[in-house]
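Chemist: Could you have a look at this structure, given as structure tokens, before my questions?
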Amino acid sequence: MSRIVITGAPGAGKTTLLLALQARGYTIVGDTARTIIQDRRRRGLSPRPDPYAFAQEVLRMDIENFVHHAATPSHVFFDRSVLDALCSLDRVTPLHESELSMWLSKYQYFPKVFVLPPWQAIYVNDAERDHTFEHAEWVNRITQEWYRRCRYQLIEVPKVSVAERCTYVLQALANSDASSGS
């Protein structure tokens with residue numbers, strides 16, 4: 001079983017790609033932050049609590065998602081991961097290397113992470129995505145630095161159609177399986 005992370009800029013097409021993978025029969029886990037924001041809005045609250053509380057809630061839910069899919073026998077595709085939540089937490093309260101190492105050993109994903117870069121042509125704001133495109137570019141930069149720090153290999157998904165992106169990700173996984181002898 002592989003837990004595969006799709007990460008990158010807000011509004012870069014992660015959810016659309018995941019839905020295309022789901023349509024092909026794969027298990028997906030949606031965007032935790034979006035779920036939290038939607039829930040808070042339904043309850044008449046501000047979209048996000050303070051950054052620390054928000055990062056903690058995203059982390060809690062991402063851990064639940066990780067554990068929930070532990071026994072899934074095939075690939076599971078995650079819209080971001082425990083690692084993205086840790087990145088947010090680290091931005092507010094820096095993690096010590098020993099603490100980060102503990103998290104990394106406990107919550108392991110497929111060693112190659114798919115990154116969807118900022119793509120202005122498809123970027124739109126909505127009820128949950130209320131930041132600027134420049135913010136999306138910043139998030140992408142920080143996220144890539146973080147995954148490199150966590151020793152993951154980043155694979156940038158090209159700015160092509162959804163079907164082509166889906167094929168690209170699945171082919172990269174097939175090539176990884178072939179090269180590892182799986």
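Chemist: Kindly provide the set of residues from segment 1-51 that are part of a loop (DSSP other than H, G, I, E, B), in contact with a Lys or Arg (Cβ under 8 Å, 6 or more places away or on another chain) and at pLDDT 85 or above, ordered by number.
Modeler: Matches in segment 1-51: Pro10, Gly11, Gly13, Asp31.
Chemist: Let me ask something additional. List every residue pair whose Cβ atoms sit under 7 Å apart, with the two residues 6 or more apart in sequence or on different chains, where the first one lies in segment 143-164 and is among the polar types (S, T, N, Q) and the second, anywhere, is open to solvent by 60 Å² or more (accessible area, probe 1.4 Å).
Modeler: Gln153/Pro111
Chemist: Would you check if His131 is outside any loop (DSSP other than H, G, I, E, B) and over 23 Å from Leu21 (Cα atoms)?
Modeler: no
One line per residue, one yes/no per condition, for (1) in contact (Cβ under 8 Å) with a residue 12 or more places away in the chain; (2) touching a strand residue (DSSP E or B) at 6+ places or on another chain (Cβ under 8 Å); (3) closer than 18 Å to Val113 by Cα; (4) surrounded by 19 or more Cβ atoms within 10 Å (Cβ to Cβ):
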site	(1), (2), (3), (4)
Pro10	yes, no, yes, yes
Leu17	yes, yes, yes, yes
Ala20	yes, no, yes, yes
Val29	yes, yes, yes, yes
Ile37	yes, no, no, yes
Arg42	no, no, no, no
Pro51	yes, no, no, no
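Chemist: Sticking with this structure for a sec: Farther than 25 Å from Ser2 by Cβ and modelled with pLDDT of 95 or more, is that true of Glu99?
Modeler: Yes; evaluated as a whole, the condition is true for this residue.
Chemist: Another question, if that's okay. Considering only residues that are β-branched (Val, Ile, Thr) and either in contact (Cβ under 8 Å) with a residue 60 or more places away in the chain or surrounded by 13 or more Cβ atoms within 10 Å (Cβ to Cβ) (or both), which ones fall in segment 53-81?
Modeler: Val58, Ile63, Thr72, Val76
Chemist: Further question on the same structure: Pairs only if they're at least six apart or on different chains, beta carbon under 8 angstrom, first in segment 88-104 and within 25 Å of Gly8 (Cβ to Cβ) and in a helix (DSSP H, G or I), second open to solvent by less than 40 Å² (accessible area, probe 1.4 Å) and aromatic (Phe, Trp, Tyr); list them, first residue then second.
Modeler: Here the result reads Ser88/Phe54; Asp90/Trp146, each pair linking segment 88-104 to a residue that is open to solvent by less than 40 Å² (accessible area, probe 1.4 Å) and aromatic (Phe, Trp, Tyr).
Chemist: Filter segment 150-172 down to residues that are β-branched (Val, Ile, Thr) and in a loop (DSSP other than H, G, I, E, B) and give me whichever is most open to solvent (accessible area, probe 1.4 Å).
Modeler: Ranking the qualifying residues of segment 150-172, first place goes to Val160.
Chemist: For segment 126-142, state whether one or more residues are open to solvent by 40 Å² or more (accessible area, probe 1.4 Å) and closer than 12 Å to Ile4 by Cβ.
Modeler: Scanning segment 126-142 turns up no residue that is open to solvent by 40 Å² or more (accessible area, probe 1.4 Å) and closer than 12 Å to Ile4 by Cβ.
Chemist: Further question on the same structure: Which residue pairs have Cβ atoms under 6 Å apart, sit 6 or more places apart or on different chains, and have a first residue in segment 121-142 that is more than 17 Å from Gln38 (Cβ to Cβ) and a second that is assigned to a helix (DSSP H, G or I) and at pLDDT below 90?
Modeler: Going by the 6 Å Cβ cut-off, the qualifying pairs are Tyr123/Phe133.
Chemist: Please find, among Ala178, Ala136, Ala85, the residue that is in contact with a Gly (Cβ under 6 Å, 6 or more places away or on another chain) and either within 23 Å of Ala53 (Cβ to Cβ) or in a helix (DSSP H, G or I) (or both).
Modeler: Sole residue among the options that is in contact with a Gly (Cβ under 6 Å, 6 or more places away or on another chain) and either within 23 Å of Ala53 (Cβ to Cβ) or in a helix (DSSP H, G or I) (or both): Ala136.
The values are calculated or read from the model by the stated rules, or taken from the named source; none is laboratory data. Bear in mind that the values here come from a model prediction, so they are computed numbers and not experimental data. Please note: Cβ atoms are built from the backbone with ideal geometry, for glycine as well, and neighbour counts cover all protein chains shown. Protein only, heavy atoms only, side chains kept; ligands, DNA and RNA dropped before computing areas. Shrake-Rupley method; radii C 1.70, N 1.55, O 1.52, S 1.80 Å.
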